[in-house]
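Written below as structure tokens is the structure these notes are about.
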Amino acid sequence: MIPILLTLAVAQAPHTANPSSPLLSKETTLTARATGTFDVKVKPLTADNADWGAFGRLSIDKTFHGQLEGTSRGQMLAEGDGRGESGGYVALERVTGTLGGRRGTFVLMHTGTLVARHPEMVITVVPGSGTGELSGLAGRFQILIEGGKHGYAFEYSLPAGRDAEKGD
């Protein structure tokens, strides 16, 4: 299961926020792009109930550096062919920290597939999950891996009156 997840992460195609996307409401404006690095630990968890499916279940623990400073914790469910050629996963992770000078929390939702070793991954902010100064946050998160180091590019928006840069 872990080889499928690593394959998805390593070869992930770029995704950028689309201002006409239903994920970004008409009341928001794409305001910023945050970049940086993160450290990640993924560990196997025991299944809650094997009768519901024999899916791989893993914990996600991240520490973000750069324009997003903070931590996240989450869970992932995954299934694959056992050869690392095809599979899929879903995950939710709650991020706590500071983004563009604004403090709060939000949830990222992952969906990923691997078909004949060709990965696709989409990570978006769960609508309505932002709290504190990140209330109303929307956007897409991209994982970048170069030379074994994890990085991110996060295109995001906040409602009018909550500019991405603090003090604007």
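Each reported figure results from applying straightforward, stated rules to the coordinates on display, with no laboratory input. Only a predicted model underlies this, so the values are computations on that prediction, with no experimental measurement involved. No Cβ is skipped: glycine too gets one built from the backbone with ideal geometry, and neighbour counts run over all protein chains shown.
Restricting attention to the stretch 36-80, report how many residues are charged (D, E, K, R), over 24 Å from Lys149 (Cβ atoms) and without any contact (Cβ under 8 Å) to a residue 24 or more places away in the chain.
Number of matching residues: 3.
Of Gly97, Gly84, which residue is touching a Pro at 6+ places or on another chain (Cβ under 7 Å) and surrounded by fewer than 20 Cβ atoms within 10 Å (Cβ to Cβ)?
Unique residue meeting the criteria: Gly84.
For (1) surrounded by fewer than 19 Cβ atoms within 10 Å (Cβ to Cβ); (2) in contact with a strand residue (DSSP E or B) (Cβ under 8 Å, 6 or more places away or on another chain); (3) of a type in the set (Gly, Ala, Ser), each residue gets a yes or a no:
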| site | (1), (2), (3) |
| --- | --- |
| Thr105 | yes, yes, no |
| His110 | no, yes, no |
| Val115 | yes, no, no |
| His118 | yes, no, no |
| Met121 | no, yes, no |
| Pro127 | yes, yes, no |
| Gly139 | no, yes, yes |
| Gly151 | yes, yes, yes |
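Determine, yes or no, whether Gly97 is in contact (Cβ under 8 Å) with a residue 12 or more places away in the chain, of a type in the set (Gly, Ala, Ser) and in a strand (DSSP E or B).
Against the criterion (in contact (Cβ under 8 Å) with a residue 12 or more places away in the chain, of a type in the set (Gly, Ala, Ser) and in a strand (DSSP E or B)), Gly97 qualifies.
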